[in-house]
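For reference, the structure discussed in these notes is given below.
Just so it is clear, none of the values below were taken in a lab; they were calculated from the coordinates. Note that the coordinates shown come from a computational prediction; the quantities given were computed from them, not determined experimentally.
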Amino acid sequence: MDCSKNEGAVAVAALPDDPLVEILSRVPAKSVCRFKCVSKAWRDLIADPHHRKKLPQAMQGLFFMVPEDLIDVSFSFIDLTARSVPPDIDPAFSFLKERPGFQFHNLGFLDSCNGLILFKNHQEPPYSDAVGYVVCNPTTKRWAAVPTCGSLDLTTCTYLAFDQAISSHFHLVQFQIYVPGEMLVSLHVYSSETGTWSGNQIGSQENQGPLAEWHHRSIVSRKEPECAFVNGFLHFIVGDSYQHQIVAVDVQGKARRVITVPGVADGRHRYCYLGQSQGCLHYMTQEMFDDKKDRCELCIWVLQDYDTQWVLKDTVSALKIFGHYTRDILHFIVGIHQDRNVVFFQSLRSNLIAYDMDHKEVSVITTFDVLKKPLRFVHYVPCFSESPALTN
């Protein structure tokens, strides 16, 4: 037996509860779940309702939105934990209907980040409601209304940034886009701490190097939430159909670095998808094979060490995932699991499909009503902390 390792384990086990909780709050949720097996004392410590407010929680499911008719929507939930007791949440978000005069049917999913969910309020003429967004915590059923930023006629991309280990407040980062050129025009940031939006012209803050050029390129996809929040930065893809780059922006809206995307074979790189899993940035590309079968494969890359090279994590064919060939595999991606090597897809047959990279297995999680096709999925990660930014 390695005496040094044994002594280290005893020393950690002997730590008082408060310092131990502080240490555990800085490790991934997947590791926290595993640490329950260390001892009965650790299991009870992690399960304690008081401590779980500080500890990272594992992803438990997916919320999704479906159209009921031309003027209404409904929300529902898919539990990914296979447990007998359902989570204590309101999958329909009925608590959001409590705001007097609030048009609940105008809400639509935009993004989710570490337990909070961002809704867009799709306002109708004469735009009498000043609420542009709603941020809520489905675990505590608390929420906050965020005012509209700028003109409602502009094309925008808005992302949510939240990390309870750093702050109990959240930020919204909004890009305003010039169409038809699809160039980034301005950037606005909302802070729940100040309750205000701040804005600046993109490009005024960088004068040299690669950061000076990123704002002259278009966002590859305006379909939110193709943005990943990793290491305290929002990452999104800019470029065109021939060359992509990933730009990392902080919660003040300042571009901090440009990341070169992993290369693929010439002429076979068609679409891309960005996500976060297990604390690492993931980039998915589609490789096309010019043959009569229209074959294509999904390549899944991971930036394991934030300052090193990309690593090809896995490749999988459309035939394996869907049972038939398709040229649009990336269009069906719902997201990537935050704590496991699993990618989710929605097929044309209205199936929610999971591909497990570790076991090379494909499984159908659920089948939706053909007349109620989900419009958007967001992750559900329990967040038990009471944020002062969410007061309703």
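Would you mind checking which residues have amide H under 5 Å from Gly61's amide H? H placed 1.01 Å from N; only 5 or more apart, or other chain.
Answer set, sorted by chain and number: Leu80, Tyr380.
Val73's amide H: which non-local residues (gap 5+, or another chain) put their own amide H closer than 5 Å, with H modeled 1.01 Å from N in plane and none for Pro or chain starts?
Glu68
With respect to the cross-link table entries Lys97/Lys120; Lys120/Lys141; Lys120/Lys313; Lys97/Lys141, which display a Cα-Cα separation exceeding 23 Å? Mind showing how you got there, number by number?
Numbers: Lys97/Lys120 15 Å; Lys120/Lys141 17 Å; Lys120/Lys313 34 Å; Lys97/Lys141 12 Å.
Lys120/Lys313, as the Cα separations exceed 23 Å there.
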